[in-house]
Amino acid sequence: MDSGTASFGGSNLVAEARRYIGGGNPTGRARLWCARFMNMVLEKTGHRGTGSDMAKSFANYGRRVSEPQVGAIAVMGRRGGGHVGVVSGIDAKGNPIVVSGNHGRRVAESVYSRSRIYAYVMPSS
């Protein structure tokens, strides 16, 4: 991959993440694999990942942005932990549409409430 494409990255991240929609778990990790999936997608698109299997590790990754944008990584809370995925769009109400791993035990694209997201970050190159 040429570095010009990797530095833009946002749409590449979305396209790479979408390749796995509908399939099972491509990470080899049995439980809590959303961060592993996000790191895998980052590495396949020429970015460094966080090196952590914790969703919250992405809150301190890359460059923070204040609003959802395509290609940003959305970090969110959930009961008992966190969740992470890449923003693929924004719905009419301003909620992010996110492609993530371990959404119902598979890779899926779904709308998440804005109130659940506590950080949006753009990937490091």
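Keeping all protein chains in position, work out how much accessible area ILE90 exposes to a 1.4 Å probe, and write it in Å² to the nearest 10.
Taking all protein chains as shown, ILE90 has close to 80 Å².
For GLY85, enumerate residues with amide H under 5 Å from its amide H, sequence gap 5+ or separate chain, H modeled in the peptide plane.
ALA74
Amide H of ILE90: which non-local residues (sequence gap of 5 or more, or other chain) have their own amide H closer than 5 Å, using H built in the peptide plane?
Residues meeting the amide H criterion: ILE97.
Could you give the radius of gyration (one decimal) and Dmax (whole number) of the Cα atoms in region 4-119, in Å?
Rg then Dmax for region 4-119, in Å: 12.7, 39.
Got a sec? What order do HIS103, HIS83 fall in by accessible area at 1.4 Å, biggest, i.e. largest, first?
HIS103, HIS83
Cα extents of region 27-88 along the three principal axes, largest first, in whole Å?
Extents along the principal axes: 31, 30, 20 Å.
Compare GLY80, GLY104, GLY24 in a GNM of the chain, Cα atoms joined below 10 Å, and give the one with the largest fluctuation.
Between GLY80, GLY104, GLY24, it is GLY80 that shows the largest mean-square fluctuation.
Output the relative contact order of the chain, whole-number percent, from Cα pairs under 8 angstrom with separation of 6+ residues.
About 30 percent, as a whole number.
The values are calculated or read from the model by the stated rules, or taken from the named source; none is laboratory data. As the structure is a computational prediction, the values presented were derived from the model and not from experiment. The protein model used for the area step is the full one, side chains on, heavy atoms only, and it has no ligands, DNA or RNA in it. Shrake-Rupley method; radii C 1.70, N 1.55, O 1.52, S 1.80 Å.
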